[in-house]
Structures are given as C-alpha cells and as structure tokens.
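K.L.:
Here it is, the structure in full.
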Amino acid sequence: MSNVRIQPTADMDEGVTIGDGSSIWHLAQVRHGAELGQNVIVGRGAYIGEGVHVGNNCKIQNYALVYEPAYLEDGVFIGPAVVLTNDHFPRAINPDGTVKSASDWEPVGVTLKEGCSIGARSTCVAPVTVGRWATVAAGSVVVKDVPDYALVAGVPARRIKWVGRSGFPLVEDGTDANGKKQFRDEKTGDVFVEDNETLTLVSEASATTNTEEAK
C-alpha cells in the first residue's frame, strides 16, 4: 500500500484493505473488512460498512452512507448524502420488545456496476442493481433494478432517457438493419441499439478515433 492519504480525523477499523493512490478524508468511517481499490476517494463524513467492496477509481462524496453488503465495481460515482440501504423490513426492536441483534435480521445489499453514477441525496433501496454506466438523477429513490446506460429519475425512479459512457444523454439516430432504434453518444461517437428496454453498445467509435490519432 503506497501513496495512500488518510486524514487524522478519519475512523479506520483494523482489517481494512486500501489500494494505492486512495484518499480517506476528514471524519469518514471505514469499517472492518472493507476492501477499497486503487485511486478511491472517500469524502468527508462518508460511511463505508463492514466488508463493503469498492472497486478501483471510485468516488464516494461527502456524507454518503454505503451500508454492507454493498458491492461497487470500478469507476462508480456516489454523490453527496447518497444512501445505500441494507434492510427489507427495518425495526429497532423485535415484537417482544427486545432490541434487535445482528442475528435477528438478514442484510441485503446494493450492487453498483462499472461506471454508474448515483446523484446527490438519492436512495437505493436494497436489494437493487444499478447497471453499467447508468445514471440515477439527484434526489431519486431507486426501488427496482436499473438497466445499463439508463437515466432514471423520480420517486420511485423511472427511466427517462438513455446515457452514454460520457454521462451525457444519447440522441436517437435512426434504425439499424433490423429496424431497431439506434442511439449515438455525441461526445464519444459510440453507437447503441435499443431492444425491448435494453440498450446495447454496438460500436465504440472513440476507440477507433483514438487509434487513428495515435497513428
């Protein structure tokens, strides 16, 4: 572990794994068994629960609450004050009045796929999965799985557009040879095809462009 920056006010349990180049800022709390990859940023006052997996190049902004057993793939963005829940039926006590213990409930997690973004003050109600490169608009409440490349908003969150890897909304660009709607990311040139509420990347134009520029 090298080039790791942990502020003195951060609360770090033993048994936490942190990759090279990561930063843990003031008043953040990272619990036992959490695994943070390389170049991860954990903002002021954020909470990372026990055993949570955070992939490489993730950004977890100020006061976000990432409860176990959440799983974050590489390149995930979590905005300020986002909450990832972990309980279907939350109660502080049992029906007989006794305080609930760890054995009285089964935690369920939120899964965030590669490159997705969760906007400020959004809540993801476990168990849900937010797909690759999807975006959850600020203030949304996610109660069902979000497809890859979807932009969802509202309470409960619903898909309102498609977005590309750039994060910008896609524009409709005719149809393909099979009559399916095509969409284009104007920032990268990537081309997608829509089929029954599923979007598939069919052409990575940016990769071609970069290759040509290298020549």
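Read the figures in this text as sums done on the coordinates, not as results from a lab. Note that the coordinates shown come from a computational prediction; the quantities given were computed from them, not determined experimentally. Cβ: placed from backbone, ideal geometry, glycine included. Neighbour counts: every protein chain shown.
K.L.:
Taking the options 172, 197, 186, name whichever one is in contact with a strand residue (DSSP E or B) (Cβ under 9 Å, 6 or more places away or on another chain), on the phi > 0 side of the Ramachandran plot, surrounded by fewer than 16 Cβ atoms within 10 Å (Cβ to Cβ) and among the acidic types (Asp, Glu).
P.N.:
From the options 172, 197, 186, the qualifying one is 197.
K.L.:
Out of the residues in the stretch 142-166 that are surrounded by fewer than 16 Cβ atoms within 10 Å (Cβ to Cβ) and among the hydrophobic types (A, V, I, L, M, F, W, C), which is farthest from residue 106 (Cα to Cα)?
P.N.:
So the residue we want is 160.
K.L.:
Also, quick follow-up: Any chance the stretch 30-41 includes a residue that's of a type in the set (D, E, K, R) and within 18 Å of the chain's Cα centre (by Cα)?
P.N.:
Yes, the stretch 30-41 contains a residue that is of a type in the set (D, E, K, R) and within 18 Å of the chain's Cα centre (by Cα).
K.L.:
Looking at the stretch 95-136, which of the residues that are closer than 17 Å to residue 200 by Cα and part of a strand (DSSP E or B) is farthest from the chain's Cα centre (by Cα)?
P.N.:
My answer is 135.
K.L.:
Among the candidates 68, 73, single out the residue that is acidic (Asp, Glu), within 22 Å of residue 16 (Cα to Cα) and over 12 Å from the mean Cα position of the chain (by Cα). Spell out the reasoning first.
P.N.:
Numbers: 73 fails: over 12 Å from the mean Cα position of the chain (by Cα).
It is 68.
K.L.:
Taking the stretch 137-176 on its own, how many of its residues are closer than 22 Å to residue 83 by Cα, free of Cβ contacts under 8 Å to residues at least 40 places away in the same chain and either assigned to a loop (DSSP other than H, G, I, E, B) or among the acidic types (Asp, Glu) (or both)?
P.N.:
10
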